[in-house]
Amino acid sequence: EIVQPMVIGSFNLLSPEIRNENGAWYLYITNRQDYETPTMRRYTFDVRVPDETRAARVSLSIENIDDNDPIVRVLDACQVPELGEPRLTDCVYQVSDEDRA
């Protein structure tokens, strides 16, 4: 069982479940996590076997992944020669993803 309250983080945001499958125990996270939400970046909680006094501490650190496609906005018209020399251009783009649109 997962001991509540959690040491760090919200049980409701994580919705962890412990399941026994074919004699092996697994921890499942049932809520989608989003790195851009600060309260979803770190979790620490204790897990124990019912009627036992000892518990194991579990720490989760959510890493930022490219979970959304980039959104690229061209702010002004811009041309770059296809076979031109490498150089800086005056092109300006705004790039974000769905979380930061």
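Readers should treat all values here as calculations from the given coordinates under stated rules, not as data from a laboratory. As the structure is a computational prediction, the values presented were derived from the model and not from experiment. We place every Cβ from the backbone using ideal geometry, glycine too, and count neighbours over all the protein chains shown.
A few points about this structure:
- Selected residue (criterion: farthest from ASP97 (Cα to Cα)) from residues of region 1-38 that are part of a strand (DSSP E or B) and of a type in the set (Asp, Glu): GLU21
- Region 39-57, residues that are outside any loop (DSSP other than H, G, I, E, B) and not aromatic (Phe, Trp, Tyr): THR39, MET40, ARG42, THR44, ASP46, VAL47, ALA56, ARG57
- Residue that is nearest to ASN68 (Cα to Cα) [pool: residues in region 1-36 that are without any contact (Cβ under 8 Å) to a residue 24 or more places away in the chain and hydroxyl-bearing (Ser, Thr, Tyr)]: THR30
- Qualifying residues in region 39-53 (those that are of a type in the set (D, E, K, R) and touching a Ser or Thr at 6+ places or on another chain (Cβ under 9 Å)) - the one nearest to ASP97 (Cα to Cα): ARG41
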